[in-house]
Structures are given as structure tokens and as C-alpha cells.
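Before any comments, here is the structure.
The values are calculated or read from the model by the stated rules, or taken from the named source; none is laboratory data. Everything quoted here is computed from the prediction, not taken from an experiment. Counting neighbours? That spans all protein chains shown, and the Cβs are built from the backbone with ideal geometry, glycine included. For accessibility, only protein heavy atoms count, side chains too; no ligands or nucleic acids. Shrake-Rupley method; radii C 1.70, N 1.55, O 1.52, S 1.80 Å.
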Amino acid sequence: MTVHELSRTDARRIAVRAQLLDAARPSGGLPAVVRRLTLLQIDPTAAVAPNADLVAWSRLGSSGYAPADLTTALADRTLLELRAMIRPAEDLALYRAEMAEWPERGTPTSWREYHGTWVAANDACRRDILDRLAAAAPLPSRELPDTCELPWRSSGWSNNRNVTKLLELMVQRGEVAVAGRGGGDRLWDLAERVYPEMPAVPVAQSLRIRDERRLRALGIARARGPECQVEPADVGEAGEPAVVEGVRGRWRVDPAQLGQPFTGRTALLSPFDRLIHDRRRTTELFGFDYQLEMYKPAAKRRWGYFALPILYGDRLVGKLDATADRRAGVLRVDAIHEDEEFDRTVTDAVGHEIEDLARCLGLEIVLPR
């Protein structure tokens, strides 16, 4: 098979276009965007707006998206929450067979073994949770019984969070599901009352389809990458082989993206946006230096607590440090960091996007003094 030879500009444009961030705004509204991207990652950080809202807005703009659209799509089950990702409801068919074969795939072997052993040791608690949900769901995790005999052990935040961890593993088993949210809490129910009826796609076929759809959403990606527990960044043998000028190693590229015209636009990106989620790929293709600094002490931050990368055409040109103060009703722009000096055209385009973001969130803009 021919190995496609791409310049970095080619590769960047393929990635931007695949992520629906070129000048041609997508049609079909939120459900169509999620089907094309395959997912919206859920993250509770809302320094500006939750990740799912930022990703949807950056594709559709304020004229095509409002946060209420996501609430509606989840309520009517057009979209579903599965393992901290919002996915099209019909994609559940691609995960059912894996649920039946639990312990989960895609997790390092040592963890997979521990998960299976830990759930088996707490089978009585698992059955208690199922009984409670059957009688009174949907319920937040705090209203579910913790009768675990073996506590969950972790060096991180999940240590001894027995019910939360058990629920997450029961999701992977296909037993429970997130039925909605109330006051920021996930509300749990039996999976059979949340998920639509549909036949399962066999595991080997579903993995191949997921690789193909992930490549279509990314445009260009590595064939192999580090193990990820939820959503991989690699795509296996999907697409066709490629090399990128000045970048070591082989890639896989979506052949439908080759040779396509490109017209760019300006976009403000969530730190979790899939265009930049794989930081190594972001460095290799865009030469963009970025870290999410919310976990750093304020004095050590270069760009801000939740800085939004700025896309201009096929280049990442800076970061927007902004904060949404919902009580005051304002989007406070603390700084605009220019990785390369902005000319008037770039400055005006970035300003327009800030205005549109404020419009989507229903906030007034406050600029730095």
C-alpha cells in the first residue's frame, strides 16, 4: 500500500478539518456534531464553561448551540453518558459485547485483574445497589448502600470511595447507567431502564468500527499509543499509512481527507478538545507549547488557570486566559497570550470569538484594565 507523504501543514489541515474546526460550520446541530466527533468528554471544571459546552460551541457557534441543547439531548436519550463521555445513543451497540465480556479491555492487565477480584469480593454490595436502584431509582451515589467488605484502595482521590468505584465498574459490566444529573451529581439507574434496546456488535467488529470512526474524527493519528482506560488516542490499522515531513514514525490517515481544499477560521478551544487532547501529537504537528495549569500554584502559571488554546486557520497561535463569573454575569478576560504576534486581522478574529462565547454563555465581557 502507498505510504502518503504529508507536510506538517497538510497534517494540521487534515486534523482541523476532521474535527469540524475549519470554515465550513457543521449542519445538523448538536447530535450531528457528536456523531462526527464520536464523543464529548465530560469534565466538571467550569472556570469558563464545562468542556462539553465549549467543544459544542466551538463547532456550532452561539447561533447553532446553547447549553440547553445538551440538556435536552441527554433527557430525550438522543445522547447518552457512558464512562464520562457523552456519545450518540446508537453507539451503545459498539460497547454491549465488551460489557458482556467484562473485566474491561483497554486497561493495564494488573488493574484488570484487581478490578475483577475486587468486584467479586464485594458481590453482596453490588447486589444491594441493584436492589436499591430497582426499587427507587434514579438516585445519587450518596443514597446507595456501602456494604463493601473489601474497601477500594488507591493512592489517589478514589481511595475508599467504594460505592463510586463500584458503580463505575458496574457501568462497564452493563448493569447500571447514568440516567441524568441533579445539582451536579450523577443520578444512577438500572442500565436496562436507560439504554435503548439494540443488538450488540461482536467485539472484534466493534473495535474495528471504533478505530475507523476515531480516525475519521481525528483525521490523522498514530496506529499505536499508550493504553487508555476509556478512549484511546490511537487507531490501529484504520485508514492508510502516512509519514509527516519532519516528524519521526508512521501515522494513519483518513483517505477521505486527502487532497481536500482547506479554508480555516478562528476558534477558542477547551483544554480537553480532541484537536489538542493528545499533547504529543499537538507538539509534533502544531509545535504548540501547552499545559493545563489548574493544578499548579497560581505563581507558577504561565497562561492561567484554564487557558483556552487559540486556533487561527491551521495554526495554534496563543491562549486566552478568561474566567466566567456567573454571579456577576460577566466573562472576565484576564489576558490574551500571543505565541506569535497578532496582526489586526487575528486580533479582530479572536475578539469576535470572545464576543460569541460570551453570547453563548449569556455573559457580558469585562476586558483587562
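Could you please tell me which pairs satisfy a Cβ distance under 7 Å, a separation of 6+ or placement on different chains, a first residue in segment 17-29 that is in contact (Cβ under 8 Å) with a residue 60 or more places away in the chain and outside any helix (DSSP H, G or I), and a second residue that is hydrophobic (A, V, I, L, M, F, W, C) and open to solvent by 30 Å² or more (accessible area, probe 1.4 Å)?
What qualifies is Asp22/Phe262.
Leu275 fails exactly one of the following numbered conditions: (1) out of contact with any His (no Cβ under 8 Å at 6 or more places or on another chain); (2) surrounded by fewer than 21 Cβ atoms within 10 Å (Cβ to Cβ); (3) in contact (Cβ under 8 Å) with a residue 60 or more places away in the chain. What is the number of that condition?
Here Leu275 meets the rest and fails (2).
Every residue, every condition in (1) in a loop (DSSP other than H, G, I, E, B); (2) touching a residue at least 40 places away in the same chain (Cβ under 8 Å), yes or no:
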site: Val163; (1), (2): no, no
site: Leu167; (1), (2): no, no
site: Met170; (1), (2): no, yes
site: Gly174; (1), (2): yes, yes
site: Gly180; (1), (2): no, yes
site: Arg186; (1), (2): no, yes
site: Arg193; (1), (2): no, yes
site: Met198; (1), (2): yes, yes
site: Ala204; (1), (2): no, no
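What are the residue pairs meeting all of these: first residue in segment 283-309, first residue open to solvent by 70 Å² or more (accessible area, probe 1.4 Å), second residue small (Gly, Ala, Ser), Cβ atoms under 7 Å, and 6 or more apart or on different chains?
Here the result reads Tyr305/Ala47, each pair linking segment 283-309 to a residue that is small (Gly, Ala, Ser).
Specify which of the listed residues (Arg210, Arg280) is under 26 Å from Pro103 (Cα atoms) and open to solvent by 30 Å² or more (accessible area, probe 1.4 Å).
Numbers: Arg280 fails: under 26 Å from Pro103 (Cα atoms).
One residue alone meets the criteria, Arg210.
Can you go through Leu167, Leu150 and tell me which one is at pLDDT 95 or above and not basic (Lys, Arg)?
Numbers: Leu150 fails: at pLDDT 95 or above.
Residue meeting the stated conditions: Leu167.
Cβ-Cβ below 8 Å, separation at least six or inter-chain, first residue in segment 341-361 and over 22 Å from Ala66 (Cβ atoms) and open to solvent by 40 Å² or more (accessible area, probe 1.4 Å), second in a helix (DSSP H, G or I) and hydrophobic (A, V, I, L, M, F, W, C): which pairs?
The qualifying pairs do not exist here.
Counting only residues that are of a type in the set (Asp, Glu) and touching a Gly at 6+ places or on another chain (Cβ under 8 Å), which one in segment 264-322 is nearest to Leu20 (Cα to Cα)? Lay out the reasoning, then the answer.
Of the residues in segment 264-322, the ones of a type in the set (Asp, Glu) are 273, 278, 284, 289, 293, 314, 321.
Retained after the next criterion (residues that are touching a Gly at 6+ places or on another chain (Cβ under 8 Å)): 278, 293, 314, 321.
Working: Asp278: 17, Glu293: 26, Asp314: 12, Asp321: 23 Å.
Among them, the one singled out is Asp314.
Scan segment 34-78 for residues that are under 21 Å from Leu320 (Cα atoms), hydroxyl-bearing (Ser, Thr, Tyr) and open to solvent by 10 Å² or more (accessible area, probe 1.4 Å) and report the count.
Summing the residues that are under 21 Å from Leu320 (Cα atoms), hydroxyl-bearing (Ser, Thr, Tyr) and open to solvent by 10 Å² or more (accessible area, probe 1.4 Å) in segment 34-78 gives 2.
When both residues are 6+ apart or on different chains and their Cβ atoms are under 9 Å apart, which pairs have a first residue that lies in segment 60-87 and is without any contact (Cβ under 8 Å) to a residue 40 or more places away in the chain, and a second that is part of a loop (DSSP other than H, G, I, E, B) and open to solvent by less than 50 Å² (accessible area, probe 1.4 Å)?
If the second residue must be part of a loop (DSSP other than H, G, I, E, B) and open to solvent by less than 50 Å² (accessible area, probe 1.4 Å), the pairs left are Leu60/Leu20; Leu60/Pro26; Gly64/Pro26; Thr72/Thr78.
Look through Thr323, Thr283, Thr347 and report the one residue that is more than 27 Å from Val244 (Cβ to Cβ), of a type in the set (S, T, N, Q) and not in a strand (DSSP E or B). Before the answer, list the steps.
Details: Thr323 fails: not in a strand (DSSP E or B); Thr283 fails: more than 27 Å from Val244 (Cβ to Cβ).
Testing whether each residue is more than 27 Å from Val244 (Cβ to Cβ), of a type in the set (S, T, N, Q) and not in a strand (DSSP E or B) leaves just Thr347.
Checking the condition at pLDDT below 95, touching a Gly at 6+ places or on another chain (Cβ under 7 Å) and over 21 Å from Asp314 (Cα atoms), which residue from Pro232, Pro226 passes?
Values: Pro226 fails: touching a Gly at 6+ places or on another chain (Cβ under 7 Å).
Every option except Pro232 fails the conditions.
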